[in-house]
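K.L.:
The structure is given below, and queries will be raised subsequently.
The values are calculated or read from the model by the stated rules, or taken from the named source; none is laboratory data. Here the structure is a predicted model, which means the values were calculated and not measured. Cβ: placed from backbone, ideal geometry, glycine included. Neighbour counts: every protein chain shown.
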Amino acid sequence: MRFSRKLLEALGAVGLGCMGLVIGPAPGTAADSQAAKLIPANREAIALREKSLAAKAPKGAKLVAYLDCGTERESTAADKVKITCVSGQPYRFPVEAPDALPTQATIFFDAERVVFEISGLDRTRRYLAGMTWWDYDNSGRTQSVLVGSPDGRLVRFAVAAIRLPNYKESKQPAAERRFQLPVVFAQEGKLRLVVERIDGANAVISELWIWQLD
């Protein structure tokens, strides 16, 4: 399967905002992706969400990392597994959905792709990633997710291109996606994860977490 050069660069980027990643403007702002001020974290909501995800983990699994996108650049769990947002700007949707979680209202977004590094992985173990996203304002968003080695040589589709649910017109809640991480691609315990815009205003993601399966 062939991937664009810019996407492979995103998967192989080292450091923050390098390799010419295109950073698009946030709704109402043109701040740089790393300089943009994070949204104040709702620690109570994050703690409740982590508790919920730990409780709903597959049998025998444990939650090892959770990132509330838009409020944190790095996951804060005590486990050695860590999620770091490499490229993406924070934003908060003006959520009115009564059943929407506070952690789903905040997002990281980018004109083309939001990039994460997952570190601290053990190649002898299995991991299941989970995420939520939505096209809250019905801006025609279709997205995919790719996971690969930090050098970009090994890449796998984790989520094929799919239209995100929209709340503004259809009252659809944020959708959850799960996929196994290809730890055989890991280099020094690290993988690169990219949320890629296929169509619509930009690429968005609300939450990202990891369960260790064994």
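K.L.:
Is one or more of the residues making up segment 46-63 surrounded by 13 or more Cβ atoms within 10 Å (Cβ to Cβ), at pLDDT 95 or above and within 19 Å of Leu193 (Cα to Cα)?
P.N.:
Checked against the condition, which is being surrounded by 13 or more Cβ atoms within 10 Å (Cβ to Cβ), at pLDDT 95 or above and within 19 Å of Leu193 (Cα to Cα), segment 46-63 yields at least one hit.
K.L.:
Here is a further query. So, in segment 143-167, of the ones that are in contact with a Gly (Cβ under 6 Å, 6 or more places away or on another chain) and either of a type in the set (A, V, I, L, M, F, W, C) or part of a strand (DSSP E or B) (or both), which residue ends up nearest to Arg178 (Cα to Cα)?
P.N.:
Val155
K.L.:
Which of the residues belonging to segment 59-80 are aliphatic (A, V, I, L, M) and touching a residue at least 12 places away in the same chain (Cβ under 8 Å)?
P.N.:
Taking segment 59-80 and keeping what is aliphatic (A, V, I, L, M), we get 61, 63-65, 67, 77-78.
Listed by number, the residues that qualify are Ala61, Leu63, Val64, Ala65, Leu67, Ala77.
K.L.:
A follow-up question, please. What do you reckon, is Asp99 at pLDDT below 95, farther than 21 Å from Val145 by Cβ and among the charged types (D, E, K, R)? Reasoning before the result, please.
P.N.:
Numbers: at pLDDT below 95: yes; farther than 21 Å from Val145 by Cβ: yes; among the charged types (D, E, K, R): yes.
Yes; evaluated as a whole, the condition is true for this residue.
K.L.:
Is segment 201-209 home to any residue that is of a type in the set (D, E, K, R), in contact with a Lys or Arg (Cβ under 6 Å, 6 or more places away or on another chain) and buried (at least 16 other Cβ atoms within 10 Å of the Cβ)?
P.N.:
Kept after step one, since they are of a type in the set (D, E, K, R), are these residues of segment 201-209: 207.
Next cut, in contact with a Lys or Arg (Cβ under 6 Å, 6 or more places away or on another chain) only: none.
No, segment 201-209 has no match at all.
K.L.:
So which pairs qualify, if the first residue must be in segment 42-53 and within 10 Å of Pro102 (Cα to Cα) and hydrophobic (A, V, I, L, M, F, W, C), the second must be modelled with pLDDT under 95 and in a helix (DSSP H, G or I), the Cβ gap must be under 8 Å, and the two must be at least 6 apart or on different chains?
P.N.:
Going by the 8 Å Cβ cut-off, the qualifying pairs are Ala45/Pro102.
K.L.:
Return only the number of the condition from (1) under 20 Å from Cys85 (Cα atoms); (2) surrounded by fewer than 18 Cβ atoms within 10 Å (Cβ to Cβ) that Leu213 does not satisfy.
P.N.:
For Leu213, the exception is condition (1).
K.L.:
Also: Conditions first: (1) surrounded by fewer than 20 Cβ atoms within 10 Å (Cβ to Cβ); (2) out of contact with any Pro (no Cβ under 7 Å at 6 or more places or on another chain); (3) touching a residue at least 40 places away in the same chain (Cβ under 8 Å); (4) among the small types (Gly, Ala, Ser). Ala175 passes all but one, so which condition is the exception?
P.N.:
Ala175 satisfies all of (1) surrounded by fewer than 20 Cβ atoms within 10 Å (Cβ to Cβ); (2) out of contact with any Pro (no Cβ under 7 Å at 6 or more places or on another chain); (3) touching a residue at least 40 places away in the same chain (Cβ under 8 Å); (4) among the small types (Gly, Ala, Ser) except (2).
K.L.:
Here's a check for you: in segment 112-162, which residue that is among the basic types (Lys, Arg) and within 16 Å of the chain's Cα centre (by Cα) is farthest from Ala65 (Cα to Cα)?
P.N.:
Arg141
K.L.:
Quick check on segment 181-196. Is at least one of its residues closer than 18 Å to Glu207 by Cα, acidic (Asp, Glu), assigned to a strand (DSSP E or B) and in contact with a Lys or Arg (Cβ under 6 Å, 6 or more places away or on another chain)? Talk me through it step by step, then tell me what you get.
P.N.:
Filtering segment 181-196 down to residues closer than 18 Å to Glu207 by Cα leaves 181, 191-196.
Filter once more, so that each one left must be acidic (Asp, Glu): 196.
From what is left, the residues that are assigned to a strand (DSSP E or B) are 196.
Imposing the further condition that a residue be in contact with a Lys or Arg (Cβ under 6 Å, 6 or more places away or on another chain) reduces the set to 196.
Within segment 181-196, one or more residues are closer than 18 Å to Glu207 by Cα, acidic (Asp, Glu), assigned to a strand (DSSP E or B) and in contact with a Lys or Arg (Cβ under 6 Å, 6 or more places away or on another chain).
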